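Peer 1: Pasting a structure below so you can have a look.
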Amino acid sequence: MTVTHETSQPINDSVLDEPDLQESRRQQGPLAGFRVIDAATVYAGPLAATMLGDFGAEVIKVEHPTGDSARTHGWRKQGKGLWWKTLGRNKRTVTAKLSDPQGRELFLELVRTADVLIENFRPGVFEKWDLSPATLHEINPGLIILRVTGFGQEGPYAQRRAFGTLIEAMSGLAHMTGDPDGPPTLPPFGLADGVSALAGAYAVTMALLHKERGGTGQVIDLSLLEPLLLILGPSPSVYDQLGQVPGRHGNRSPNNAPRNTYLTRDGRWVAVSTSSLSVAERVLTLVGHPEVTTEPWFSSAGERVEHADELDGYVADWIAARDEAEVVSEFNRVGAALASVYTVHDLMTDPHVIERDIITTVDDEDFGPLKMQNVMFRMSATPGGIDFTGRDLGADNEEVYVKELGHSLDRIRGLKDAGVL
């Protein structure tokens, strides 16, 4: 399959297809040599494993014989989940029913060979299967165990069913999102899971660094709630010190103005932000109201918020009288901050996105050339990349269990027939 490397120069696809270059990238990645067992489901845990795999870790996805439900989430083509193609990339796939003694035995054999295990079952489930951290560390003291749950391993809510939607509500995100006179608004994608995945990959990397410096294995207790809460701004401190509860502001910001989305003459939406004073001055001067920049209150972002109606009106009127192309050109000319509100089509045809290969193309075993998000970081010495997309359920059972762990082919096929694999 085509490997997408991160470099500053284009690379010829015919060269990338060479197996030795694929192996070289896996050896050079910053996480090369580490084996990650992804025993999690759906999004937060699996996405953390995807991020680790993008930068060289060898990831083995262990699924129940019925498969991770992420395989059937969202849009599908020819019965294959398109989301899975990205979420499952750079992962070999095996199956094992962990609640079955024989499935557990195979799983423990894999754990002995691993550096990292990622799981997201409710607290107590792994313990019920005799797969507690104590048991796992007994056979592999250096194992790093990332445990992802909605509310954490301990606390009054630890046993509650939790999905990202509930965390987005409880964290205060939904309360702060939407129009002032409208209902709380949830994001249309797994924001809480995605943020926790980033946090999980970060935590695993720190734990690996600790281990490399002479430490041992450890357990990472990661909830969906805490990472999302951390990025939501200073609302706990604001409430603690001022007694204020941040509410909904639509597309406006409680921190600066003007900041909003605006409609152009040709029916396109654009977004404007003025987080710095110099940009706010450029925007108001561009839209024909330089006099407002000399007002005593204008130099304070907080005081500009109090005049948001006035400032929004000036910007909205100017933009509404012009087509998108002129608006973008003029804002760029004066060094102000504006971006068009893109659809995915707009994004994928944008020259900057194309030149930087932000949406890359990889060869997929089902669909041929397939576009998806590239890896997130541009690392000059240890670039990441995509070796292959999400594979079929249990595609690597024989390679892993027979060739690597030494079991007979007849036994593995018999366990499959019995529903253990």
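Peer 1: When the chain is treated as a GNM, springs tying every alpha-carbon pair under 10 Å, which of 310, 127, 291 comes out with the largest mean-square fluctuation?
Peer 2: 291
Peer 1: Go ahead and run the numbers for FRET between residue 232 and residue 417, Cβ-Cβ distance against an R0 of 35 Å, rounding to 0.05. All intermediate terms of the calculation are to be shown ahead of the outcome.
Peer 2: Values: r = 50 Å, r/R0 = 1.43.
E(calc), rounded to 0.05, equals 0.10.
Peer 1: Where does each of 335-348, 40-53 land if you order them by average Cβ count within 10 Å, highest first?
Peer 2: 40-53, 335-348
Peer 1: Next question. Would you mind telling me the antiparallel percentage of the DSSP bridges in the chain, rounded to 5? Working shown, then result.
Peer 2: Details: 17 of 39 bridges.
Of those bridges, close to 45 percent are antiparallel.
Peer 1: Ignoring any ligand, DNA or RNA, what whole percent of the accessible area of the chain comes from carbon and sulfur when the probe is 1.4 angstrom? Numbers along the way, then the final one.
Peer 2: Details: 11300 of 20980 Å².
Using a 1.4 Å probe with all protein chains present, the chain comes out at 54 percent carbon and sulfur.
Peer 1: Taking 7 Å along the Cα-to-C-beta vector as the label spot, tell me the residue 321-residue 271 distance in nanometres, rounded to one decimal.
Peer 2: Inter-label distance under the simple model: 2.7 nm.
Peer 1: Less than 14 Å Cβ to Cβ from residue 314, Lys/Arg counted +1 and Asp/Glu -1: what total charge do the surrounding residues give?
Peer 2: Values: positive: 259, 282, 304, 322; negative: 281, 291, 295, 309, 310, 312, 317.
My count for the surroundings of residue 314 gives -3.
Peer 1: In whole Å, how far is the Cα centre of the stretch 40-89 from that of the stretch 313-363?
Peer 2: 32
Peer 1: Of 61/403; 128/403; 61/416; 91/403; 77/97, which pairs sit farther than 25 Å apart, going by alpha carbon to alpha carbon?
Peer 2: Working: 61/403 17 Å; 128/403 30 Å; 61/416 17 Å; 91/403 17 Å; 77/97 28 Å.
In this structure, 128/403; 77/97 exceed 25 Å between Cα atoms.
Peer 1: Related question: Across bins of 20 angstrom width beginning at 0, how are the C-alpha pair distances of the chain distributed, in whole percent?
Peer 2: Over the chain, the share of Cα pairs per 20 Å bin runs 22, 48, 26, 4, 0 percent.
Peer 1: Another question, if that's okay. Could you compute the net charge surrounding residue 294? Neighbours are other residues with a C-beta less than 15 Å from the C-beta of residue 294; K and R count +1, D and E count -1.
Peer 2: Working: positive: 282, 304; negative: 281, 291, 295, 303, 310.
The answer is -3.
Peer 1: Further, regarding this structure: Normalised by the residues of the chain, what does the relative contact order come to in percent, with Cα pairs under 8 Å and at least six apart? Write down the numbers at each step before the final one.
Peer 2: On the way: 745 pairs, mean separation 89.7, N = 421.
Result for the chain is 21 percent.
Peer 1: Quick one: net charge around residue 159, please, counting Lys, Arg +1 and Asp, Glu -1 for every other residue with C-beta under 13 Å from its C-beta. Spell out each step's value before the answer.
Peer 2: Working: positive: 122, 128, 160, 161; negative: 127, 154.
Its environment carries a net charge of +2.
Peer 1: With each label point set 7 Å from Cα along the Cα-Cβ vector, what nm distance links residue 346 and residue 112?
Peer 2: Distance between label points: 5.6 nm.
Peer 1: Any aspartates and glutamates with Cα under 18 Å of the residue 211 Cα? List them, leaving off those in the same chain fewer than 8 positions away.
Peer 2: Straight-distance partners of residue 211: 58, 115, 138, 221.
Peer 1: With only alpha-carbon atoms in the gyration tensor, what are the semi-axes of the equivalent ellipsoid for the stretch 285-402, in Å, largest first? Could the numbers behind the result be given before it?
Peer 2: Values: eigenvalues 463, 59, 38 Å².
For the stretch 285-402, the semi-axes come out at 48, 17, 14 Å.
The values are calculated or read from the model by the stated rules, or taken from the named source; none is laboratory data. It should be emphasised that the depicted structure is a prediction, and the values quoted were computed from it without experimental measurement. All Cβ positions, even for glycine, are placed from backbone atoms using ideal geometry, and neighbour counts span all protein chains on display. Areas reflect the complete protein model, heavy atoms only, side chains present, ligands, DNA and RNA absent. Shrake-Rupley method; radii C 1.70, N 1.55, O 1.52, S 1.80 Å.
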